[in-house]
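Since the structure comes first, as structure tokens, the remarks are kept for the end.
Every number here is computed from the coordinates shown, using simple stated rules; none is lab data. What you see is a predicted model; the values in this text were computed from it and never measured. Here Cβ is always computed from backbone atoms with ideal geometry, including for glycine, and neighbour counts include all displayed protein chains.
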There are 2 protein chains.
Amino acid sequence: MGIPHRNMSMVPRVLFGAGSFSQLSAILEPKRQGVKAPFVFLVDDCFANYSDVVDQIPTSYEDRIVFVSSEEEPTTEQVDLLVQEIILQFNSIPSGIIGIGGGSVMDLAKAVSLLLTNSGSASDYQGWDLVQSPSVFHVGVPTISGTGAEVSRTTVLKGPVKKLGINSDYTTFDQVILDPNLTIGVPAVQRFYTGMDCFIHCIESLEGTFLNPFSRVHGEKAKSLCEAVFLPSQLSDSEKREYLMMASWLGGISIANSQVGIVHALSYGLSFVKNIRHGVGNCIVIEHLNNYYPKGLETFRRMRDFNEIELPTGICENLSENQWRQITSIALSLEPLWENALGKNWKSLIDEKEIRELYEKM
Amino acid sequence: MGIPHRNMSMVPRVLFGAGSFSQLSAILEPKRQGVKAPFVFLVDDCFANYSDVVDQIPTSYEDRIVFVSSEEEPTTEQVDLLVQEIILQFNSIPSGIIGIGGGSVMDLAKAVSLLLTNSGSASDYQGWDLVQSPSVFHVGVPTISGTGAEVSRTTVLKGPVKKLGINSDYTTFDQVILDPNLTIGVPAVQRFYTGMDCFIHCIESLEGTFLNPFSRVHGEKAKSLCEAVFLPSQLSDSEKREYLMMASWLGGISIANSQVGIVHALSYGLSFVKNIRHGVGNCIVIEHLNNYYPKGLETFRRMRDFNEIELPTGICENLSENQWRQITSIALSLEPLWENALGKNWKSLIDEKEIRELYEKM
């Protein structure tokens with residue numbers, strides 16, 4: 001017997017359909033642990049003035065809506081602060097945490113639900129399988145498609161020294177609601193960048209050495225759905241919303257059971273040092289990985305052109321030597337990503353110098 | 001708001017991989033409720049003399065292996081008897097029920113785990129959402145691919161008056177192990193019939209009126225995997241085993257969230273009255289549904305020919321009038337299947353006479 005296969009944790013309940021968000025109340029009420037144990041809704045603050053969504057959030061007793069900004073990627077400090085506020089404000093552990101927003105809000109909701117039952121700081125749990133206790137009940141309601149955060153067993157946070165996920169079986173949502181109508185208001189550019197997060201997950205998963213048939217079949221379907229959405233097709237707008245939401249779901253399952261690769265390794269560095277958002281960072285990076293993902297890059301470029309996207313350039317022009325050390329060491333520290341992309345002897349195939357050369361082109 | 005969308009229950013843990021069956025012990029031990037609460041392994045008796053599989057079953061304390069025949073499709077009576085035996089034999093409710101076998105064994109394991117915590121007979125729960133209490137922990141280990149029973153929220157049983165599933169959220173397995181190596185010994189003919197169960201699920205789901213995007217994307221991928229396995233391709237035998245297992249999984253998810261159609265409606269009648277096994281029955285039926293599933297039938301026939309399968313004929317030649325009444329009324333009683341296939345006004349599109357005419361050709 002070789003390396004054990006991974007016992008994958010799946011989202012146990014999923015509600016899919018245009019308009020399904022209106023069923024949230026029916027889903028939550030049986031989970032209420034008492035009138036003192038509230039549901040806490042973490043909601044992307046882009047909805048603060050968008051009453052359609054907020055009006056549909058079912059609040060009773062001490063339930064509370066907390067608007068969170070997704071301008072910045074979520075941090076361990078932000079999680080710790082949210083957890084502290086919830087503990088101080090209520091007499092009981094909440095009945096549940098419901099995240100309504102994009103990947104950042106998904107990640108916040110997952111992390112807060114974990115830290116309500118695991119002591120210390122979120123940064124203590126960045127890594128693989130460090131979480132000891134089950135989280136409180138948590139529900140993910142994505143309002144943009146592509147991150148796969150709604151289905152993954154990780155929550156990616158920037159900590160004081162690293163950007164890294166809390167990877168654990170307890171991280172996975174207990175319930176997800178996939179309502180394509182919630183993505184209607186997403187601006188086209190953001191829709192592209194986030195959709196590409198999914199496409200790039202698929203490329204990295206399908207062309208990685210960790211690939212297994214379970215990941216492959218999910219990734220293949222997700223990739224073809226991305227192409228149907230972002231290349232010329234007969235799909236209506238509502239079908240595009242539906243299929244992109246499904247692409248995110250299947251792509252997330254694919255990646256959860258394999259691993260990302262060089263795009264993510266370099267994109268994490270950009271995010272940490274230059275504060276570039278994840279979706280944009282991935283697109284900037286893949287443009288320069290012709291040696292590693294040539295076929296994926298060719299398709300990416302067709303999608304980029306068809307959707308008239310102009311990528312930022314000159315990102316790394318003015319890095320200090322200290323920042324250069326930081327960005328290359330962050331990228332290199334993500335060992336499983338390199339191993340997935342290049343195989344077991346990846347250390348002989350890439351070094352700081354080559355990574356810096358790649359970044360210098362961005 | 002129209003008809004509510006279904007909050008789908010998914011298998012929360014899945015272990016995939018050739019050889020993964022050897023990890024069963026590591027999965028079970030944390031679930032043991034005490035030394036008096038055994039794990040009961042329901043195992044297809046085709047493995048009774050096949051020591052490789054049985055040798056790998058981890059038994060300790062009072063754990064027990066029960067061989068069950070899958071010659072006949074499972075009955076409510078068989079479930080009731082197994083539950084009674086378990087209750088009489090042990091002082092505690094079992095820690096878990098593990099089904100190791102084909103669709104029949106999957107269905108038995110699911111039903112036994114439900115009836116250990118829900119009083120009365122299995123026949124009391126045939127229908128939709130009649131189960132009141134959660135089942136005991138139950139694990140599915142399929143040893144043939146195609147039924148989708150490993151992932152579905154139903155357990156199809158023949159009762160005293162009907163063949164019908166126990167459809168409930170508690171039916172779904174808590175854990176599934178997908179080890180393609182366990183299907184190595186399946187005879188080619190059986191592999192074809194069971195694989196076609198999956199293919200036909202996809203046809204009925206994809207061409208049904210209940211179709212939603214969630215079911216569609218799972219069904220499309222499952223269908224294309226079936227075609228890769230059963231039509232000429234470059235796949236190795238081990239890849240065929242892997243992809244057929246994934247086809248069954250995705251096809252099961254597709255069908256769990258939509259509905260089967262006319263093939264299953266008529267096949268259920270054949271099964272009940274003529275004792276034709278489900279997989280064979282589906283193939284016999286689809287041959288005569290050119291008016292309903294012409295494209296699916298065309299592909300089916302290519303697969304049938306490439307795999308050199310000869311289907312039985314003359315099945316309904318000697319039915320008594322009583323049997324004719326029974327077979328047509330069973331087929332017509334499966335209203336959701338007809339509605340899925342033909343739409344809301346299906347009753348104006350099909351009647352007993354036409355159903356009998358279809359059966360007379362089989």
When the dipole is taken about the Cα centre of region A:13-183, and only Lys, Arg (+1) and Asp, Glu (-1) are charged at their Cβ, what size is it in debye, to the nearest 20? 400 debye
Note on region B:144-235: alpha-carbon gyration tensor, axes a ≥ b ≥ c; rule is a/c under 1.5 for rounded, else prolate if a/b larger than b/c, else oblate; result oblate
Can you classify region B:188-360 as rounded, prolate or oblate using the Cα gyration tensor, where a ≥ b ≥ c are the square roots of its eigenvalues, rounded means a/c under 1.5, and otherwise it's prolate if a/b beats b/c and oblate if not? oblate
Treating only the Cβ atoms of Lys and Arg (+1) and Asp and Glu (-1) as charged, compute the dipole magnitude of region A:1-109 about its Cα centre; round to the nearest 20 debye. 720 debye
Put +1 on the Cβ of every Lys and Arg and -1 on every Asp and Glu Cβ in region A:13-183; which of A:Ser70, A:Thr117, A:Asn49 then has its Cα farthest towards the positive end of the dipole? A:Thr117
Can you give the average number of partner chain beta-carbon atoms within 10 Å of each beta-carbon in peptide B:20-29, as a whole number? 2
7 Å along Cα→Cβ, label-point gaps from A:Glu77 to other copies, nm, shortest first: 7.2
Candidates A:Leu250, A:Leu319, A:Leu164; GNM for chain A (alpha-carbon contacts under 10 Å) flags as most fluctuating A:Leu319
If you line up the long axis of helix B:262-274 against the longest principal axis of chain B, both from Cα atoms, how many degrees apart are they, to the nearest 10? 70 degrees
Can you give me the Cα centroid spacing of region B:196-239 and region A:220-282 in angstrom? 24 Å
Name the residue farthest towards the positive end of the dipole of chain B from the options B:Ile93, B:Met362, B:Ile262, assuming +1 on Cβ of Lys and Arg, -1 on Cβ of Asp and Glu, about the Cα centre. B:Ile262
Longest segment of chain A lacking chymotrypsin sites (Phe, Trp or Tyr not before Pro) that sit in a DSSP loop with at most 14 other Cβ atoms within 10 Å: A:62-362
Using a 7 Å Cα-to-Cβ projection, A:Pro30 label spacings across copies, nm, ascending: 2.5
Of the residues A:Pro336, A:Pro187, A:Pro58, which exhibits the maximal mean-square fluctuation in a Gaussian network model of chain A defined by a 10 Å Cα contact cut-off? A:Pro187
Counting other C-beta atoms within 10 Å, and keeping those with at most 10, which DSSP coil trypsin sites (Lys or Arg not before Pro) do you find in region B:209-263? none
Could you please report the charge total around B:Gly140, scoring K, R as +1 and D, E as -1 over all other residues with beta-carbon less than 13 angstrom from its beta-carbon? -2
How much net charge surrounds B:Gly99 when only the other residues with a Cβ under 14 Å from the Cβ of B:Gly99 are counted, with Lys and Arg +1 and Asp and Glu -1? -4
Relative contact order [Cα under 8 Å, 6+ residues apart], chain B, whole percent: 15 percent
GNM result for chain A, Cα springs below 10 Å: residue of A:Ser25, A:Ser205, A:Ser51 fluctuating most strongly: A:Ser51
With +1 on the Cβ of every Lys and Arg and -1 on the Cβ of every Asp and Glu, and nothing else charged, how large is the dipole of the protein assembly as shown about its Cα centre, in debye rounded to the nearest 20? 0 debye
Which of rounded, prolate or oblate describes region B:112-173 when judged by the alpha-carbon gyration tensor and an a/c cut-off of 1.5? oblate
Helix B:188-206 axis, angle to chain B major axis (alpha carbon atoms, nearest 10°): 70 degrees
Shortest-first nm distances, A:Lys295 label point to equivalent points in other copies (7 Å, Cα→Cβ): 2.5
Inter-centroid distance (Cα atoms) of region B:1-44 relative to region B:142-170, Å: 16 Å
With each run of n ≥ 4 DSSP H residues scored as -39500 (n - 2.57), what mean residue ellipticity at 222 nm is computed for chain A after dividing by its residue count and rounding to the nearest 500 deg cm²/dmol? -13500 deg cm²/dmol
Using a 10 Å cut-off on Cβ to Cβ distances, tally the other chain neighbours for every residue of A:206-215 and report the average as a whole number. 3
Surrounding net charge for B:Ser348, when Lys and Arg each add one and Asp and Glu each subtract one, Cβ distance under 15 Å: -2
Which whole-number percentage describes the relative contact order of region B:251-362, with Cα contacts under 8 Å and a sequence gap of 6 or more? 39 percent
Averaged over residues of B:238-248, the number of beta carbons from other chains lying within 10 Å of each residue's Cβ is 2
Largest first and in whole Å, what are the equivalent-ellipsoid semi-axes of the protein assembly as shown based on the Cα gyration tensor, each being the root of 5 times an eigenvalue? 44, 29, 26
Looking at the protein assembly as shown, what % of its DSSP beta bridges pair antiparallel, to the nearest 5? 20 percent
